[in-house]
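Visitor: Below is the structure I would like to discuss, written out as structure tokens.
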């Protein structure tokens with residue numbers, strides 16, 4: 001039986017399974033932060049009802065059935081018995097209320113993206129193909145305002161003004177990645193961390209960087225944006241690995 005049909009009585013089951021797989025693989029890549037950090041996925045037309053991880057549960061243990069379904073416009077969300085983490089609510093609730101094109105959102109404090117966010121100049125130059133993927137496609141936030149409670153979440157959401165920019169380097173904090181689907185967003189998160197690692201390791205050599213021209217960087221970014229099915233196939237392969245290992249992520 002397909003893992004997407006194990007819980008037919010739960011709404012949005014296929015989306016839950018995809019999101020749970022993304023949590024599990026993020027933990028495996030050591031891109032999690034203990035029991036902090038959050039992913040969310042909109043399930044209605046205006047984006048304000050969304051799935052997200054339960055409060056302070058480790059990514060490596062999250063199952064599809066664990067995911068909360070919350071409403072960004074419901075002021076009583078934080079008073080319920082299954083209330084999300086207040087910073088998750090502030091950051092993701094603000095994002096889904098004020099940024100309708102952010103259907104899926106993934107926020108982590110992964111090591112290399114966070115190192116980049118801590119530099120006085122956090123700009124990611126196009127020094128290789130992965131870095132060029134994000135050329136002119138990153139929003140940079142230089143005004144960290146403390147924990148991402150509601151006001152801070154709204155402020156961050158309002159920085160996603162350019163629809164090409166689907167990554168936010170959150171100054172002194174981490175990274176927020178958005179997309180249309182779990183597969184697209186996770187693939188982008190994965191490659192952004194790889195790009196940040198390449199840049200940080202290149203800086204550590206102390207040698208001059210060979211930066212691609214603006215023309216080639218933009219050409220590469222556009223080519224990769226239209227590259228067929230890589231995101232879908234990436235997530236499908238990760239789910240196949242988890243399934244082969246007998247993981248309970250799809251329960």
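Every number in this text was worked out from the coordinates using simple rules, so none of it is lab data. Predicted model, so just to flag it, every value in this text is computed and none were measured. When we count neighbours, we look across all protein chains shown, and the Cβ atoms used for this are built from the backbone with ideal geometry, even at glycine.
Visitor: Treating the angle as unsigned and between 0 and 90°, give the value, to the nearest 10°, between the Cα long axis of helix 214-225 and the longest Cα principal axis of the chain.
Guide: Once rounded, the angle reads 20 degrees.
Visitor: Ratio of region 33-119's C-alpha Rg to 2.2 N^0.38 Å, to two decimals? If you can, show how the numbers build up before the last one.
Guide: Values: Rg = 13.1 Å, N = 87, 2.2 N^0.38 = 12.0 Å.
Cα Rg divided by the expected 2.2 N^0.38 Å: 1.09.
Visitor: Per 0.36 nm of contour for each residue apart, how much would the distance between residue 79 and residue 100 grow if the chain were fully extended, relative to their Cα-Cα spacing? If you can, show how the numbers build up before the last one.
Guide: On the way: separation 21, 0.36 × 21 = 7.56 nm, distance 2.50 nm.
Extra length from residue 79 to residue 100 when fully extended: 5.1 nm.
Visitor: If we count other beta carbons within 10 Å of each Cβ, what is the order of 200, 216, fewest first? Don't skip to the answer; put the middle values down first.
Guide: Numbers: 200 16, 216 13.
If I rank by nearby Cβ atoms, fewest first, I get 216, 200.
Visitor: To the nearest 0.05, how large is the calculated FRET efficiency for residue 165 and residue 71 if R₀ is 22 Å and r is the Cβ-Cβ distance?
Guide: 0.25
Visitor: Given contacts defined as C-alpha pairs under 8 Å and at least six residues apart, what's the relative contact order of region 30-153, whole-number percent?
Guide: Working: 170 pairs, mean separation 34.7, N = 124.
28 percent.
Visitor: If you compute Kirkwood radius over Cα pairs in Å for the structure shown, which of (1) 17.9; (2) 18.5; (3) 19.9 do you land on?
Guide: Read-out taken from this structure: (2).
Visitor: Nearest 5 is fine: what % of DSSP beta bridges in the chain come out antiparallel, could you say? Could you put the intermediate results ahead of the total?
Guide: Details: 21 of 25 bridges.
The antiparallel proportion sits near 85 percent.
Visitor: Under a point spin-label approximation (7 Å from Cα along Cα-to-Cβ), what is the residue 46-residue 225 distance to one decimal in nm?
Guide: 2.9 nm
Visitor: If only Cα atoms are counted, what is the Rg of region 67-216, and what is its Dmax, in Å?
Guide: 16.2, 55
Visitor: Roughly how many Å is it from the Cα centre of region 55-102 to that of region 18-37, as a whole number?
Guide: The two parts, judged by their Cα centres, are 16 Å apart.
Visitor: Also: For residue 57 paired with residue 251, estimate the spin-label separation in nm (one decimal), with each label point 7 Å from Cα along the Cα-to-Cβ line.
Guide: Here the modelled spin labels are 1.2 nm apart.
Visitor: Given Cα pairs under 8 Å that are at least 6 residues apart, what percent is the relative contact order of the chain? Kindly include the intermediate steps, with their values, before the conclusion.
Guide: Working: 445 pairs, mean separation 58.6, N = 251.
Contact order relative to length: 23 percent.
Visitor: Let me ask another. What is the order of 23, 134, 59, 149, fewest Cβ neighbours within 10 Å to most?
Guide: Placing the least packed residue first, the sequence is 149, 134, 59, 23.
Visitor: Restricting to DSSP H runs of at least four residues, report the calculated mean residue ellipticity at 222 nm for the chain, -39500 (n - 2.57) per run over all residues, nearest 500 deg cm²/dmol. Write out the running numbers ahead of the final one.
Guide: Details: 8 runs with 90 residues, N = 251.
So the calculated ellipticity at 222 nm is -11000 deg cm²/dmol.
Visitor: Measure nothing fancy, just the Cα-based angle from helix 230-244's long axis to the longest principal axis of the chain, in degrees from 0 to 90, nearest 10.
Guide: 50 degrees
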